[in-house]
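As structure tokens, the structure follows; a few thoughts come after it.
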Amino acid sequence: MLPNKFKKIGFFIFLATFFIAFAQINSLSNSEIIRNTLEVLGFIGLSIIAFAKEKVDDEFLNHIRIRIIIIVILLTFCYSLLDIFLFKVRHLYVLELLQIQLLLYVVLFHLFKRKWSIK
């Protein structure tokens, strides 16, 4: 696990990449190299967020992490099946699936941490 200060760096990388990618959608210059670079940077940002420790990291948060990983794997499996059978897409990009898994992990972890935290 990375130190907690890396979480801010990960959020900065991910949000900057997200806004640049959003601006690229509206732009006429839609280069393959720029798109691939933004995907990789977004993946790196999400990875840093997912693997950074919390300020107070304990057994309870490890329990939440394990539960969230199981939920994310099941949701990714359902997404893959829907993508193949309902939308007739025969190719699934590995980076796309990893980004979906990391994004789900980060969002669900923070939601569950707030829901189950002792007040």
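The values are calculated or read from the model by the stated rules, or taken from the named source; none is laboratory data. On a predicted model such as this, the values are computed, not experimentally measured, just so you know. Heads up, the Cβs are rebuilt from the backbone with ideal geometry, glycines too, and the neighbour counts pull from every protein chain shown.
Selection over region 9-52 of residues that are under 16 Å from L102 (Cα atoms) and among the charged types (D, E, K, R) gives a count of 1. Kindly check whether there is at least one residue in region 50-57 that is part of a helix (DSSP H, G or I), at pLDDT 85 or above and among the aromatic types (F, W, Y). No: region 50-57 contains no residue that is part of a helix (DSSP H, G or I), at pLDDT 85 or above and among the aromatic types (F, W, Y). Just one residue in the set N4, N62, N36 is more than 22 Å from R114 (Cβ to Cβ) and of a type in the set (S, T, N, Q); that residue is N36. Would you call T76 touching a helix residue (DSSP H, G or I) at 6+ places or on another chain (Cβ under 6 Å), of a type in the set (S, T, N, Q) and at pLDDT 90 or above? Against the criterion (touching a helix residue (DSSP H, G or I) at 6+ places or on another chain (Cβ under 6 Å), of a type in the set (S, T, N, Q) and at pLDDT 90 or above), T76 does not qualify.
Anything in region 16-60 that is closer than 21 Å to F109 by Cβ, surrounded by fewer than 17 Cβ atoms within 10 Å (Cβ to Cβ) and in contact (Cβ under 8 Å) with a residue 24 or more places away in the chain? List them, or say none. Correct list: F18, I44, F51, K53, E54, K55, D57, F60.
Conditions (1) over 19 Å from L95 (Cα atoms); (2) modelled with pLDDT of 90 or more, marked per residue:
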position: F6; (1), (2): yes, yes
position: G10; (1), (2): no, yes
position: A16; (1), (2): no, yes
position: A21; (1), (2): no, no
position: E32; (1), (2): no, no
position: N36; (1), (2): no, no
position: F43; (1), (2): no, no
